[in-house]
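Reading through the structure tokens given below for one structure.
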Amino acid sequence: MKRDYLTVDDINLRGKTVLCRLDLNSPMDPNGTILDDSRFRSHLVTLKELDEAKVVILSHQSRPGKSDFTAMEPHSKLLSKLMRRNIDYIDDIFGTHAIESIKKMRQGDIILLENSRFYSEESLERAPKEHARTHMVKRLAPLCDVFMNDAFSVSHRSHLSVTGFTEVLPSIAGRVMEKEIDSLSRGLSCNERPCVYVLGGAKVDDSIKVTKNVLERGCADRVLVTGVVANVFLAAAGVSIGNANMGFIEKQGYLDQIDIARELLARFKKNIGLPVDVALNKNDERMEEKVPGLNTDLPIHDIGIETMVKFSQEISNAKTVVMNGPAGVFEKDAFALGTYELIKAGTMSGFSVVGGGHIAAAAEQLGVSGKFSHVSTGGGACIDFLAGEKLPGIEALKDAARRFRQK
């Protein structure tokens, strides 16, 4: 398969120094303990293929101002444990200590540099050419032979460590990046029908962007909406969803999305599946109501049983399923049912992709992550990809591949 970017298979990395951008950013408790190792585990396949190279890892943890904006020492310890070998933590990004450490590396060594966001220019959104002129690139690039981006989840941002090195080094995608592009592209390819998208959660504008893209391109046969996304579509369809739910939509700044949803319903009514019943939260108790006669001031916290059955049937019969966002407030036991039932149905479809974030966490809680064809490591990056937007990190790899192939 000819790709428009390079991978591990295209360059002999034996003995080479590979600057590898990973995403090890993970939830941490106040004591600095990493609470979820899933991102670490996702990168193991890439790192194990680099056992004959010298690997310099660049990554980040959180962002300035957050309580978990910390050094990368705990990350090196956890990665060492998972890799069953020593990975040295270097408390420096591109100063003398980092440079000397890279120069002393031997074949098979792996080091982890300090949190890339400790350098203020890292998080500026700039063109790759501008990033290439920074101190970080000028100091690290001459010591490295190849740049590898395996951090799909941060590739929707043109940050320094994501796009800057692609201007000056042969650049390749790691295995996580490769699998993300392949799996999400398959979800958008329209090849295996019926193709069903299940979009929920509270990020309404993101889900509406995806709905618009996949229906206009003819990628999806059906888009089933749940969560706050469904509330916006119900309001657009003229259903009285009540002050509590309208108030939440307004508070989140999504009132303008109702007009966009109304326009989509007018154009693609047969392709958009709305809930036929919902679960209301009455003093933390589940109370089910049919949608046609809905008139309530209680918050909608889940889809109803009838909708679960209807949607689950469509999902399990689909050849391709893409799921993003939970069906309700799944953190509360009484309102987790919709999310869990749709996830279970997703595991029975032909080819299944789960977007990052809350729905991936729910699939993990259910113990069914392994039954999906692909669970994305990136929330925002996954949404942007499915919405048809170009991801700067991927575009930079494509540009680098064109330059490399012309040599």
Discussion item. With a 1.4 Å probe and all protein chains kept in place, how do Arg126, Arg193, Arg267 rank by accessible area, largest first?
Written reply: Arg267, Arg193, Arg126
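If you count only protein heavy atoms with a 1.4 Å probe, what accessible area per residue comes out for segment 162-280, rounded to a whole Å²? Walk me through the numbers before you get to the answer.
Numbers: 4300 Å² over 119 residues.
Solvent-accessible surface per residue comes out at 36 Å².
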Worksheet item: Can you pull out the GluC sites (Glu not before Pro) in segment 173-208 that DSSP calls coil and that have at most 11 other Cβ atoms within 10 Å?
Response: none
Worksheet item: By a straight-distance test (C-alpha under 29 Å), which lysines pair with Lys282 as possible cross-link partners, with residues fewer than eight away in the same chain excluded?
Response: Lys203, Lys251, Lys290, Lys310, Lys332, Lys344
Worksheet entry | Extension gain (nm, one decimal) between Gln252 and Asp284, 0.36 nm per residue minus Cα-Cα | 9.3 nm
Item to complete: Would you mind telling me the share, in percent, of accessible area of the chain contributed by carbon and sulfur at probe 1.4 angstrom?
Response: 48 percent
Fill in: Using a Förster distance of 22 Å, the FRET efficiency for Glu100-Ser80 (Cβ separation, nearest 0.05)
0.60
Discussion item. Looking at segment 177-292 only, what percent of DSSP beta bridges run antiparallel? Nearest 5 please.
Written reply: 50 percent
Worksheet item: Just by accessible area at a 1.4 angstrom probe, what is the order of Arg117, Arg14 from largest to smallest?
Response: Arg14, Arg117
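Hand me the chymotrypsin sites (Phe, Trp or Tyr not before Pro) from segment 310-370 located in a DSSP loop with no more than 13 other Cβ atoms within 10 Å, in residue order please.
Here no chymotrypsin sites (Phe, Trp or Tyr not before Pro) fit, given the DSSP loop and packing criteria.
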Worksheet, complete the sentence: Measuring from the longest principal axis of the C-alpha atoms of the chain, the long axis of helix 305-316 (C-alpha) lies at a number of degrees, nearest 10, equal to 50 degrees
Worksheet, complete the sentence: If the chain between Lys129 and Asp4 were fully extended at 0.36 nm per residue, the gain over the current Cα-Cα distance would be 43.0 nm
Worksheet item: Among (1) 21.2, 72; (2) 21.1, 68; (3) 22.7, 72, which one is Rg and Dmax of the Cα atoms in Å computed from these coordinates?
Response: (3)
Worksheet entry | Cα centre as origin, Lys/Arg/Asp/Glu Cβ charges: the chain dipole, Debye | 1420 debye
Worksheet, complete the sentence: CD proxy, 222 nm, the chain: helix-only mean residue ellipticity via -39,500 (n - 2.57) per DSSP H run with n ≥ 4, per residue, nearest 500, stands at -11000 deg cm²/dmol
Worksheet entry | Those residues of segment 341-373 whose amide nitrogen sits under 17 Å from the label point placed on Lys48, 7 Å along Cα→Cβ | 370
Worksheet item: Among the aspartates and glutamates, which fall within straight-line cross-link reach of Lys81, defined as a Cα-Cα distance under 12 Å, with same-chain neighbours fewer than 8 residues apart omitted?
Response: Asp37
Worksheet item: So what is log10(I(q)/I(0)) for segment 71-155 at q = 0.13, 0.24 1/Å, when the Debye sum runs over its Cα atoms only?
Response: -0.47, -1.47
Worksheet item: Which order do His159, His358 take by accessible area at a 1.4 Å probe, largest first?
Response: His358, His159
Worksheet item: To the nearest 10 degrees, how steeply does helix 392-406 sit against the main Cα axis of the chain, on a 0 to 90 scale?
Response: 50 degrees
Worksheet, complete the sentence: Note to self: C-alpha centroids of segment 89-133 and segment 141-209 sit apart, in Å, by 22 Å
Item to complete: Would you list, by chain and number, the aspartates and glutamates whose Cα falls below 15 Å from the Cα of Lys371, excluding same-chain residues fewer than 8 positions away?
Response: Glu341
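The values are calculated or read from the model by the stated rules, or taken from the named source; none is laboratory data. This one's a predicted model, so the numbers in the text were calculated from it and none came from an experiment. In this analysis, Cβ positions are derived from the backbone assuming ideal geometry, glycine residues included, and neighbour counts consider all displayed protein chains. SASA here: full protein model, heavy atoms, side chains in, ligands and nucleic acids out. Shrake-Rupley method; radii C 1.70, N 1.55, O 1.52, S 1.80 Å.
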